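These notes are about the structure you will find just below.
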Amino acid sequence: MNYGRQGIKQKKKLLNSAATRLRTKLGVFAIKFILILAIAVVVSGSCLVLGSVQGIISSAPDVSTIDVSPDGFATKIYDNESNEIQTLSTTGSNRISVELDVVPLELQHAFVAIEDERFYEHNGIDIRGIIRAGYNTITGGGLSQGASTLTQQLLKNNVFNAYNETDIEKIKRKVQEQYLAIKLETYMSKDDILENYLNTINLGNGYYGVQAAANGYFGKDVSELTLSECAVIASITQNPTKLNPLKYPEDNQERQQKVLRNMLKHGYITQEEYDEALADDVYARVEGLDIATGSSSTYSYFVDTLIEQLIDDLMTQKGYTETQATNLIYKGGLQVYSTQDTSMQEIADEAINNPSFYPSSTEFSINYALSVKNADGKIINYSHSTMQTWYQNVQGNYNFSLTQTNEDTAQQYVDTYREAMTANGETVVAESLHYVIQPQLSFSLMDQHTGYVKVLVGGRGEKSGNRTLNRATDSPRQPGSSIKPLAAYGPALDTGAITLASAIDDSPYYYSSGQLVKNFTAGEYRGLMTVREAIYRSQNVPAVKVLTLITPQVGFNYLEKFGISTLVSPQKAINGSHDIVQPLALGGMTLGVTNIDMTAAYAAIANHGTYTKPVYYTAVYDYKGNLLLDNSSSETHTVLKEQTAWLLTSALESVITQGTGTSAALSNQPVAGKTGTTNNETDKWFCGFTPYYTASIWLGYDDNSKVLSKSISHTKIWQTIMSQIHEGLSTGEFTQPSGIVTAQVCSQSGKLAVAGLCDEDPRGSQVITEYFSADNVPTEECDTHVKVTICNDSGDVASAGCTNTSTRVYIKKSSSGTASDEESSYSAYDSSYAITDEKLSRLCSLHNGSNASAVKPGSQTTEASQAVTTPSNTAGTTAANNNGTNGNTSNTTGTSAAHNNNQSSSAAQNPTTASQNWNTAE
């Protein structure tokens, strides 16, 4: 660096040069320009924002004209012929109005503490809350903390329709909401605002307002609520579905504890009250009672389901929140056109509740709960299970059965428990006792061509509540063998892995786990049979072999396409249990299936392989007559090829004509369907269809605790309903599509029949005529039948020197090896007609002569590798138009098709063992 005199002069000259001064001036000018421009932008933007806000505010409703009280218009529901079938309450589902002075301060403070802690301080909007929410959003906390006050929420629920909003519309609504909140508080007192809010809010389970929630969840007036109960109810409003204390008590309890902490923090309760509320076992006494409303009657199961569907569609299609959707349904003056057929529904209800179908002794389950207060003033709540545990621990073993046959006997049990639990001076605070008739039943019926649900029965007996348990839609049960056509046979036919004539060896077979697969009749194996016969006899081994052949993953994938909504994938396993397993073939599922899902799945078979999502309504109009929801176009997709669907239908017809479902036959219509029975006969199913309608019926005990009486015929109930529904209809048919051909094949191999072999089986000719898809017709000749000459002296295949011989046709099977202890006593019905590869290769050693084979010309070689031992060479029974004679009827004695009901355990009761108890499923 040059710091001498000359260097300094040069630097001064450079700094004072014209170019340097110009650059400096330009820099200063640029800075000034940017500052001025920024100020202009800010000012202009502020003016623009202020102008926009002013415009939004000017378009807001006049606060003096708005009504924030929870009322509205009656909604009407019509059947498929436009007859009114239900009027929904004009005040909302189960809404009971209550004045603020009867609402406990604890409940008022609970809502304020959790929803709007500065409610009594702000003027309608909470500036601190807005700043906090904004800061939380900016710092990455998301939008978990809202800033809406109780006043804003009241406006949002009763004034604005905040659905299907664009971002601009949402901003506009929020601005108007805040503006009106400030205005509203100049017209209404805090108490009036709070009273309307507490009467408006959705508190889950169909309860609207705190009075309905108090009655429904705790069976008492709102004025009688304890602190812990107040906190439970106040916890619900953030998410009425996920925080429902009846369905999700753990989630509700987490928020309830936050409510109590906030109340303590703000001085609404003392530490002692806080501790006592936390110690209260409040969830043991939570119920789900029906509440008297302004509705014209108790809703049917169909209407219950329709309401749930409407809520879901309004949320997904129109952007409503659950509260807004429910409010609109109950007080929006909607006109809902349903798919229900009233006359069909009445037929089903009458048949299902006909006492002649059930044992003369009435059975019912007991639901008992008790709350007592001890000498210290502490309230103790007992549910049925906790009550029984307490009694056993204190008084010794005493069984309080859930299922009774006499109300007097049941009352004696109740009196015994009440007496025991008040023996030390306790007083009864509350108790509830309900009876539900058992066994229970569900039924659903669809038009397979449109997907329209015509009939829905969610239980037998009197329905006393609204939106209660619906066994047709909400109660998954194990399907037993009714799943076989959906998980195994249908997919295997569709992929070309089998035909209806494929021969499957019904013989001892093991799951990959090493467990022996058993048929419904223990120890019974029928030997080689076609797929058709395996279906109508409902044998288990063939179904498992077919699913193993195509893999459980493929069966699972098809069930998804069939619309089964309760499937459990390995990624979502429950206690390690999932449904991509071999027992899936027999209905061994983690959760089971719902009735309506099974009906829709079988409807897909009836509808030429096309699945249609169940439809409960066709159109919804608002109170002005404007179309709100159009549901006339059904959601569909292809599951099976048309040819596959027809072939499967043909096999399912055999179930009715000669299999396990004969009692479901109709006199004027063809019927196709499948029975299903679970382990210990705790669930019974029949899913079937005619050319007109598809219907499923389920029978069982709610708690899965008892074996069903054999005197109750669920298939007969199905037949009774369907025969009346089809009365007067012309006889239909399952129209055969193009691409279906017939061929004569051997029932023991599924391959083309060989003259002199297949027709000379000792049991009679095994040549049958079966239907095939044109692209999957057998081309190979039967290699199962062989004609063999046996030396009567040695019992081995005759050699040239044998003179005492006999010749007959056998079916060739591979050597079984040494049988395990478990299967040693089992033998297939065709074992006396079979010859093993090992015996075929063993020539008589007693007589001299050449080693020429005694197998006659035209028969197959004796190599064991050609034996039929895998499902790929398996399945079937005599075709509907069997031209050949299957002479094995003499071999079927002792096997009642009516008893071939497959069994699978109820995984709904014990998901971890779902795949362990399917062995004897039908």
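A few points about this structure:
- Filtering the stretch 288-308 for residues that are buried (at least 23 other Cβ atoms within 10 Å of the Cβ), farther than 17 Å from residue 88 by Cα and touching a residue at least 60 places away in the same chain (Cβ under 8 Å) leaves an empty set.
- Total residues in the stretch 733-787, condition in contact with a Gly (Cβ under 8 Å, 6 or more places away or on another chain) and on the phi > 0 side of the Ramachandran plot: 3
- Listed by first and then second residue, the pairs linking a residue in the stretch 201-229 that is on the phi > 0 side of the Ramachandran plot to a residue that is part of a strand (DSSP E or B) and surrounded by 24 or more Cβ atoms within 10 Å (Cβ to Cβ), with Cβ atoms under 6 Å apart and 6 or more places separating them unless they lie on different chains, are 209/95.
- Residues being charged (D, E, K, R) and outside any loop (DSSP other than H, G, I, E, B) - total across the stretch 609-643: 2
- Conditions (1) in contact with a strand residue (DSSP E or B) (Cβ under 7 Å, 6 or more places away or on another chain); (2) part of a helix (DSSP H, G or I); number of the one not met by residue 255: (1)
- Those residues of the stretch 358-377 which are among the hydrophobic types (A, V, I, L, M, F, W, C), within 13 Å of residue 409 (Cβ to Cβ) and at pLDDT below 80, in sequence order: 366
- The residues in the stretch 526-565 that are crowded, with 24+ Cβ neighbours inside 10 Å, of a type in the set (Ser, Thr, Tyr) and either at pLDDT below 95 or not in a helix (DSSP H, G or I) (or both) can be counted, and the count is 2.
Matching residues to (1) farther than 21 Å from residue 519 by Cβ; (2) surrounded by 24 or more Cβ atoms within 10 Å (Cβ to Cβ); (3) at pLDDT below 95:
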site	(1), (2), (3)
645	yes, yes, no
681	no, no, yes
687	no, yes, no
692	yes, no, no
698	yes, yes, no
701	yes, no, yes
710	no, no, yes
720	yes, no, no
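The values are calculated or read from the model by the stated rules, or taken from the named source; none is laboratory data. On a predicted model such as this, the values are computed, not experimentally measured, just so you know. Ideal geometry is used to build each Cβ from the backbone, glycine not excepted, and the neighbour counts take in all protein chains shown.
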